[in-house]
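Written below as structure tokens is the structure these notes are about.
The values are calculated or read from the model by the stated rules, or taken from the named source; none is laboratory data. Because the structure is predicted, anything quoted here is derived from the model rather than measured. Here the Cβ positions follow ideal geometry from the backbone for every residue, glycine too, while neighbour counts run over all protein chains shown.
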Amino acid sequence: MQNIFLAIFLLLIIGIAKAELFFEGSIEGGGETFATAESSNDFYSFDDDLNIGGGTKVAIGIQNMVGEEALGSLSLALGYIWDRIDADNGDADFSTVTFDVIYIRHFNKHRLGIGASYHIGPEYEEDIDGSIPFDLDFDDSLGFILKYGYEINQGLQIGARYTVMEYEFNDIDVDADSFGLFLSNGF
């Protein structure tokens, strides 16, 4: 697996002078619910869920045009996803580092992408009053990405992404699929 990522990275390095740097932020939801916090005040009550695989994501990457006609590009991004819920009786956290490789086809201002996401060190932590605090360190995991973006201005893009992912811990599989809305800005 590491050899595949190294080969892709080397291919992108060849054209680094033409590479575009970009930053991306997204809000992602989905995956299996691991914790729920119930809160209320004088006006309303609500539940807040922590799902494995979703949360807030930030990423930085490079993108290289592919082909002489520049109909597509290949992007490589390193990111971080985290989610946290706090309640009166404790809290729960989820986080993971991501490495995404996506081929993006350009259709005027529309962008369709397909690729892979590698999640490194997914971790869930829980500390609830009356319970023993615990951590779950999932195995690294490889998943599949579908992505749609619309270029508002040169380099500025909004869109949606769907990640198919499954985490494993001690031979137990956990659904970590997520759907997210993103904003990306290239330089």
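Contact annotation: residue pairs with Cβ atoms under 9 Å, 6 or more positions apart or on different chains, pairing a residue in region 66-77 that is closer than 12 Å to Gly115 by Cβ with a partner that is at pLDDT below 75 and of a type in the set (Val, Ile, Thr), are Leu74/Ile8; Leu76/Ile8. Taking region 82-96 as the range and being in contact (Cβ under 8 Å) with a residue 60 or more places away in the chain and among the β-branched types (Val, Ile, Thr) as the test, no residue passes. Inspect region 88-97 for any residue being within 16 Å of Lys147 (Cα to Cα) and either small (Gly, Ala, Ser) or touching a Lys or Arg at 6+ places or on another chain (Cβ under 7 Å) (or both) and give the result as yes or no. There is no residue in region 88-97 that is within 16 Å of Lys147 (Cα to Cα) and either small (Gly, Ala, Ser) or touching a Lys or Arg at 6+ places or on another chain (Cβ under 7 Å) (or both). Within region 70-91, the set of residues being surrounded by 15 or more Cβ atoms within 10 Å (Cβ to Cβ), over 19 Å from the mean Cα position of the chain (by Cα) and among the hydrophobic types (A, V, I, L, M, F, W, C) comprises Ala87 only.
Could you identify the single residue in Leu183, Leu112 that is part of a strand (DSSP E or B), of a type in the set (A, V, I, L, M) and in contact (Cβ under 8 Å) with a residue 40 or more places away in the chain? If you could, list the steps in order and put the result at the bottom.
Working: Leu112 fails: in contact (Cβ under 8 Å) with a residue 40 or more places away in the chain.
Of Leu183, Leu112, the one residue that is part of a strand (DSSP E or B), of a type in the set (A, V, I, L, M) and in contact (Cβ under 8 Å) with a residue 40 or more places away in the chain is Leu183.
Kindly establish whether Glu126 is of a type in the set (Asp, Glu), farther than 30 Å from Glu68 by Cβ and crowded, with 17+ Cβ neighbours inside 10 Å. Answer is yes for this residue.
Quick one: would you say Gly130 is farther than 21 Å from Lys57 by Cβ and modelled with pLDDT under 95? Judged against the criteria, Gly130 is a match.
Among the residues of region 84-106, count how many are of a type in the set (D, E, K, R) and in contact with an Asp or Glu (Cβ under 7 Å, 6 or more places away or on another chain). Don't jump to the end; show me each part of the working.
First, pick out the residues of region 84-106 that are of a type in the set (D, E, K, R): 84, 86, 88, 91, 93, 100, 105.
Add one more test, that the residue is in contact with an Asp or Glu (Cβ under 7 Å, 6 or more places away or on another chain), and what stays is 84, 91, 93.
Qualifying residue count, region 84-106: 3.
Across region 122-145, not a single residue is classified as in a strand (DSSP E or B), over 26 Å from Ala92 (Cβ atoms), charged (D, E, K, R) and free of Cβ contacts under 8 Å to residues at least 60 places away in the same chain.
Out of all the residues in region 163-178, is one or more acidic (Asp, Glu), at pLDDT below 95 and in contact with a Lys or Arg (Cβ under 8 Å, 6 or more places away or on another chain)? Looking for residues that are acidic (Asp, Glu), at pLDDT below 95 and in contact with a Lys or Arg (Cβ under 8 Å, 6 or more places away or on another chain), one finds none in region 163-178, hence no. Name the single residue that is farthest from Gly115 (Cα to Cα) among those in region 153-172 being touching a residue at least 12 places away in the same chain (Cβ under 8 Å) and β-branched (Val, Ile, Thr). So, considering only residues that are touching a residue at least 12 places away in the same chain (Cβ under 8 Å) and β-branched (Val, Ile, Thr), the one farthest from Gly115 (Cα to Cα) is Ile158.
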